[in-house]
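One structure is given here, and the rest of the page talks about it.
What follows draws every value from the coordinates through simple rules; no lab data is involved. Computed from a prediction, not measured in an experiment: that's the story for all the values here. Every residue, glycine among them, receives a Cβ derived from its backbone with ideal geometry; neighbour counts consider all protein chains shown.
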Amino acid sequence: MLRILSTLLLLVVASTSLAANPKVRFETDLGKITLEVFEDRAPITAKNFLTYVDEGFYNGTIFHRVIPGFVVQGGGFTFDFVKKPTHEAIVNESHNGLKNYYGTLSMARTAHPDSATSQFFINVNVGGNAHLDAGKNKPGYAVFAKVIDGLDVVAAIAREPRGAIRAFPEAPNTPVRILKAYRL
């Protein structure tokens, strides 16, 4: 009996010592957004994103593509629409089983599946964006995090007036910046 109790105690201690998924906070012009990064389910994408966070890359970037009912995208341009230089593109992890549900973050990419660098988007379609998920024979957009606090801020970004910036018609008329991004 003592051996069983000792084993159970060791299992409890071991399970509580396992690292939880990292948390990241964005301080924006409209408020704070807190994320849980799925390091356990999207390790390559999470490492990539956290590297940019740790380097201060996202500080001063804007949400440059806002489509209400679809996505809020950021992580690549400064407030004056200068594209920031990035690290090399990463392998697409869209077959990780995570879905593009409301409030999740995915990596933005070009038509090439393995082209994601720093840009991400937050899904703001309440019904989810299932068409962005991976299929049997099609790559999707890799979900790697979710908003755990600040969905009201994301909604406020999605409501910002757009269309005044000719080269970026989906950008808010007044830039919404990530003032600071950091791990909690």
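If the segment from H131 to N59 were pulled out straight at 0.36 nm per residue, it would be longer than the present Cα-Cα gap by 22.9 nm.
Once the Cα-Cα distance is subtracted from the 0.36 nm per residue extended length, the L184 to L151 segment shows a gain of 10.1 nm.
Using the empirical formula 2.2 N^0.38 Å as the baseline, the Cα radius of gyration of the chain reaches a ratio of 1.14.
Annotation: amide H-H contacts under 5 Å for T28 (H modelled 1.01 Å from N, sequence separation of 5 or more, or interchain): I33, L179. The alpha-carbon of K23 sits under 23 angstrom from the alpha-carbons of these lysines, leaving out residues fewer than 8 places away in its chain: K32, K47, K99, K146, K180. Relative contact order, percent, of region 42-184 when contacts are C-alpha pairs under 8 Å separated by at least 6 residues? Across region 42-184, relative contact order equals 32 percent.
Each of A19 and K83 was given a label point 7 Å from its Cα along the Cα-to-Cβ line. The distance between the two points is 3.2 nm. Each residue of region 134-150 was assigned a 3J(HN,Hα) from its phi angle through the Karplus expression (A = 6.51, B = -1.76, C = 1.60, θ = phi - 60°), giving 5, x, 3, 10, 9, x, x, 10, 6, 6, 9, 7, 9, 6, 10, 7, x Hz with x at Gly and Pro. From the alpha carbon centroid of region 71-91 to that of region 118-178 is 13 Å. Only helices at least 20 Å long along their own axis, judged from Cα atoms, and with Kyte-Doolittle mean hydropathy of -0.5 or greater: name those in the chain from DSSP H. What comes out of the filter, once short or polar helices are dropped, is 2-17. The stretch between V91 and R166 holds 23.7 nm of extra length on full extension. This uses 0.36 nm per residue minus the Cα-Cα distance.
Sorted from greatest to least, the principal axis extents spanned by the alpha carbons of region 110-184 come out as 40, 35, 26 Å.
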